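What follows is a set of notes on a single structure, which appears directly below.
The values are calculated or read from the model by the stated rules, or taken from the named source; none is laboratory data. Remember, it's a predicted structure, so these values are computed and weren't measured experimentally. Because the Cβ atoms are built from the backbone with ideal geometry, glycine has one as well, and the counts that use them run over all protein chains shown.
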Amino acid sequence: MEVLAIIPARGGSKGLPGKNLRPLYGKPLIHYTFEAVLESETITKAVLTTDSDEIIAASGDFSKIEIPFKRPPELARDDTPMLPVVTHAVEFLKSSCNYHPDYIVLLQPTSPLRTHIHIDESLQLLLTHNEADSVVSVVELPHNCNPFSIMKYDGKYLQPFMQYDESKNLRQLKPRFYARNGAAIYAATYECFMIKKSFFGDTVLPYFMKKEDSIDIDDAFDFKTAEFLISQRANDFAS
């Protein structure tokens, strides 16, 4: 069973320049994903796709993270969707070394709190459900982001986004909703990614993650939050 991990890391980032190499609690952000991949017991091959010589150089200590190509500039723009990036990596491996994975997992470096345990649990979930196309990591929405709590502004007044029985307007009674947490983990069958051209396919399994493990770094505030959580995790481990 071949499970290919793809780690995408562009050199450019408008929201947080140099994000993937920015030091986070003593090491570059991207190293957290490298370490999680190498500790995984399910991933059989890992590939970094990047357009950056600096990121390639920073990957030198992780020899098992393969860098078989430099990502083409047309796949490294701000507006480049992730699906063609994955497709390019898989097609390159197929044409250059006749490699064909059974499953593909996309692991973005912006989720440093995601560990090898999360990766392996989510992949085992997919591997043991033959009818599923994919598994996606999700986090429960906080009650103030629940669709039944959201209000629309029409230019003058607030209106409910979704009508809700006000006699039942208690947090405990509202339906639960979930959001992709970055996503920290996208995993799917080869057919889902490469034939259906989808991260999700028709049948998507949820992998539930805690709020504190679901930080997705987009800006400086996210970075500071992640650093605090990682420091707390390190202190808990030390004690």
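Results, tabulated for the structure shown:
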quantity: Residue among 36, 9, 5, 46 that is more than 20 Å from residue 70 (Cβ to Cβ) and at pLDDT 95 or above; calculated: 36
quantity: Residue 50 being in the same structural domain as residue 25 (by TED's automatic domain parsing), buried (at least 20 other Cβ atoms within 10 Å of the Cβ) and free of Cβ contacts under 8 Å to residues at least 60 places away in the same chain; calculated: yes
quantity: Residue count for region 176-214, restricted to those that are in a loop (DSSP other than H, G, I, E, B) and in contact with a Pro (Cβ under 7 Å, 6 or more places away or on another chain); calculated: 1
quantity: Qualifying residue in region 83-93 (condition: modelled with pLDDT of 95 or more and either in contact with a Cys (Cβ under 9 Å, 6 or more places away or on another chain) or acidic (Asp, Glu) (or both)); calculated: yes
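Residue-wise test of (1) among the β-branched types (Val, Ile, Thr); (2) farther than 21 Å from residue 136 by Cα; (3) buried (at least 20 other Cβ atoms within 10 Å of the Cβ).
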position: 27; (1), (2), (3): no, yes, no
position: 40; (1), (2), (3): no, no, yes
position: 69; (1), (2), (3): no, yes, no
position: 78; (1), (2), (3): no, yes, no
position: 92; (1), (2), (3): no, yes, no
position: 101; (1), (2), (3): no, no, yes
position: 105; (1), (2), (3): yes, no, yes
